1. If region 1-127 were replaced by its equivalent ellipsoid, with semi-axes equal to the square roots of 5 times the Cα gyration tensor eigenvalues, what would those be, largest first, whole Å?
2. I need to check one value: relative contact order of region 126-171, counting alpha carbon pairs closer than 8 Å and at least 6 residues apart, in percent.
3. Can you give me the relative contact order of region 2-216 as a percent, contacts being Cα pairs under 8 Å and 6 or more apart?
4. For region 263-271, just list the computed ³J(HN,Hα) in residue order, Karplus coefficients 6.51, -1.76 and 1.60, θ = phi - 60°, integers in Hz, with x standing in for Gly and Pro.
5. Give the cross-link partners of LYS47 among the aspartates and glutamates, using a straight C-alpha distance below 14 Å as the criterion and excluding same-chain residues fewer than 8 apart.
6. Based solely on its DSSP helices, what 222 nm [θ] is calculated for the chain when runs of n ≥ 4 H residues each add -39,500 (n - 2.57) and the sum is averaged over all residues, nearest 500 deg cm²/dmol?
7. Once the piece of chain linking VAL118 and HIS93 is laid out straight, how much longer is it, given 0.36 nm per residue of separation minus the C-alpha distance between them?
8. Looking at region 204-256, which trypsin sites (Lys or Arg not before Pro) are DSSP coil and have at most 10 other C-beta atoms within 10 Å of their C-beta?
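Read the figures in this text as sums done on the coordinates, not as results from a lab. The structure displayed is predicted, hence computed values, not measured ones. With ideal geometry, Cβ positions are generated from the backbone for all residues, glycine too; neighbour counts draw on all protein chains shown.
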Amino acid sequence: MKAIIPVAGIGKRLRPHTLNIPKALLNVAGKPILGHIVDSLLGMGVKELIPIIGYKGDLIREYLTSAYKVPITFVEQTEQKGIAHAVSLAREHADNSELIIILGDTIIKTDFARIPKVSSYVLGVREVADPHRFGICEVEKGIVRKIVEKPEHPKGNLALIGLYYFKDSAPLFKACRDLIDKKIMTKGEYQITDALQLMIDRGTEFRPYHIEGWYDCGKVETLLETNRILLEEAKISAKCEGCIIIPPCYIDKGSKITNSIIGPYVSVAKGCAIRNSIIENSILNEESSIENVILEGSVVGAFAEVTGRKGSVNVSDYSQIDYR
């Protein structure tokens, strides 16, 4: 089985953090978003990764090749033309293969190994409060009959959540190619939902697979919420001599913490330095430095320095903030 992971997006809603690194490499609960995704895929038996890279793609390449020892084929999307366009670029590497596609901006917790047992063609779905923001499925007798991208008048609230399984990928690649050849676009992009609907119209039967553990990482608020949930689920605990650690927390062994109170719901990446501080419900990316600080609900970028601050901050890589 092969896995396509579209990670070419810019991540505008997560600026300023995504000015320096792609969204998929932001840390949450002890590892990059992309790390959570890849670990799940390898656990279900995926043998080859096909990341679709674009913005800051060299950093994606560096992370994956250093962290994982599986075959990886990188495909570059130089223009943001939609997920169906991104998928079409991988055709020569995955056509006629068993294939799973998972978007690189959400973390999904489910029994991945069960997905191929559901049907030959499976769509990950979940009920949502605001169906106007998603591709919405209409299901009849256990079969997906229609998919509408961000409908103005939705007939239901069963949303696609960015996970798609194909026992044979050939019909998918043909549908994507037909969309592009005929310039069939929705909201200015070649949508994966339109490709799936084309497959349905041609006789492919998709079964819905309900996902409970679906965690958005698209905004700072949801990134922190996902961090809290994953730390709680994993029951991650940490120790630090001379400090008070309130679980759940993740603290990389390569970080140095002195005279501080950490937690609950804090992720501290490798190489961080924390001194004389109280930190709660926050994410500290690698090599960040915190001193004489009380922080809550904060995301601190890699190599950033924050000194003498009470409240919350949202600072990107290499920033320096000194309130002394």
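1. Numbers: eigenvalues 99, 57, 44 Å².
Each semi-axis is √(5λ); the values are 22, 17, 15 Å.
2. Over region 126-171, the number comes to 43 percent.
3. Once normalised by length, the contact order is 24 percent.
4. Those phi angles translate into x, x, 6, 10, 10, 10, 7, 5, x Hz.
5. Within reach: ASP39, GLU98.
6. Numbers: 8 runs with 73 residues, N = 324.
Roughly -6500 deg cm²/dmol at 222 nm, from the helical runs in the chain.
7. Values: separation 25, 0.36 × 25 = 9.00 nm, distance 2.51 nm.
Taking 0.36 nm per residue and subtracting the Cα distance, the gain is 6.5 nm.
8. LYS235, LYS239, LYS253
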